[in-house]
Amino acid sequence: MKKQYAVIGLGRFGSSIASTLFEAGNEVLGIDINEERVEKFKDCVTYAVVADSTEEEALKAVGIRNFDTVIVAIGNDIQASILAVLVLKELGIKQVIAKALNKRHGQVLYKVGADWVVFPERDMGERVAHHLMSPNVLDFIELAKDYSIEEVKVPMSMTGKSLKELDLRAKFNLSVIAINSRGNIHISPSPDQMIKEDDVLVVIGRNEDLKRFANLQ
């Protein structure tokens, strides 16, 4: 089902989100105060407009209240991003996602009403470091302080065996929630599912247990 999103700030982060959402078939409104940037990315979104996102009337004029989700991806202007979030929540936007430059900025964004704050530089840094320490880990999602979901490339020692034989729950206290077998996704795989070379396991568990499993050869 096609959804409607507005992205405020068409820098590297904002334009990447906007174009990804647009390419997935969603209706995307791109907003930036910089006319050159709007011109540059107008073909990467459904609509692209020049507007000052800190001005309530300007956001009303571009129909921002028609969008359930608005992403505030303003670059280095902390004051502008905070004011934009404040105005959006006052206009009744259901979900406001905002980019933060640092922890303090993120705290303020939450205080003025942001529903979800993302830290692109920090999160990417964590992903790179995580991959360097555990090369078998292709991606991960942190669920809480001690728990994550990871995509782990199956070590050679496990190929040709079933999930029942591997018994990851007993050996590592981990649960396999899906298997990606060369593009075919098996959700909640059966214990008899055989593990093939190049399979990727999607596992959930405590970070310390995931680390032990990911470092197997």
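Computed from the coordinates by the stated procedures, all read-outs in this text should not be read as laboratory data. None of these values were measured; they are calculated from a predicted model. Glycine gets a Cβ as well: all are built from the backbone with ideal geometry, and neighbour counts include every protein chain shown.
Once you have a ≥ b ≥ c as the square roots of the Cα gyration tensor eigenvalues for the range 1-133, tell me rounded if a/c is under 1.5, and otherwise prolate or oblate according to whether a/b is larger than b/c. Present the calculation step by step, with values, prior to reporting the outcome.
Working: a/c = 1.62, a/b = 1.21, b/c = 1.34.
Since a/c reaches 1.5 but b/c is at least a/b, the shape of the range 1-133 is classed as oblate.
Beta bridges per DSSP, both residues in the chain: antiparallel share near 50 percent. Would you work out which of V117, T46, V87 lies farthest towards the positive end of the dipole of the chain, given +1 charges on the beta-carbon of Lys and Arg and -1 on that of Asp and Glu, about the Cα centre? My answer, from the dipole projection, is V117. Note on the chain: helix-only mean residue ellipticity at 222 nm, from DSSP H runs of 4+ residues weighted -39500 (n - 2.57) and normalised by residue number, equals -10000 deg cm²/dmol. Taking the number of Cβ atoms within 10 Å of each Cβ as an exposure proxy, the fewest-first ranking of L201, L216, L168 is L216, L168, L201. For V7, the residues whose modelled amide H falls within less than 5 Å of its own, excluding neighbours fewer than 5 places apart on the same chain, are L29, G30, I31, I71.
Scalar couplings 3J(HN,Hα) for the range 94-99, obtained by applying the Karplus form with A = 6.51, B = -1.76, C = 1.60 to θ = phi - 60°, are 5, 10, 10, 10, 10, 8 Hz; x denotes Gly and Pro.
For the range 14-21, the Karplus equation 6.51 cos²θ - 1.76 cosθ + 1.60, evaluated at θ = phi - 60°, returns couplings of x, 5, 5, 5, 4, 5, 5, 5 Hz by residue, with Gly and Pro reported as x. Over 25 Å apart at the Cα level, from the set K40/K99; K99/K153; K2/K196; K60/K103; K3/K40; K171/K211, are K99/K153; K2/K196; K60/K103.
Taking amide hydrogens as placed 1.01 Å from N in the peptide plane, the amide H of S162 sits under 5 Å from those of I195, each at least 5 positions away in sequence or on another chain. Which of the three applies to the range 1-72, rounded, prolate or oblate, going by the alpha-carbon gyration tensor with a ≥ b ≥ c and a/c under 1.5 meaning rounded? Verdict is oblate for the range 1-72.
Each residue of the range 172-180 was assigned a 3J(HN,Hα) from its phi angle through the Karplus expression (A = 6.51, B = -1.76, C = 1.60, θ = phi - 60°), giving 10, 6, 10, 10, 8, 9, 6, 10, 9 Hz with x at Gly and Pro.
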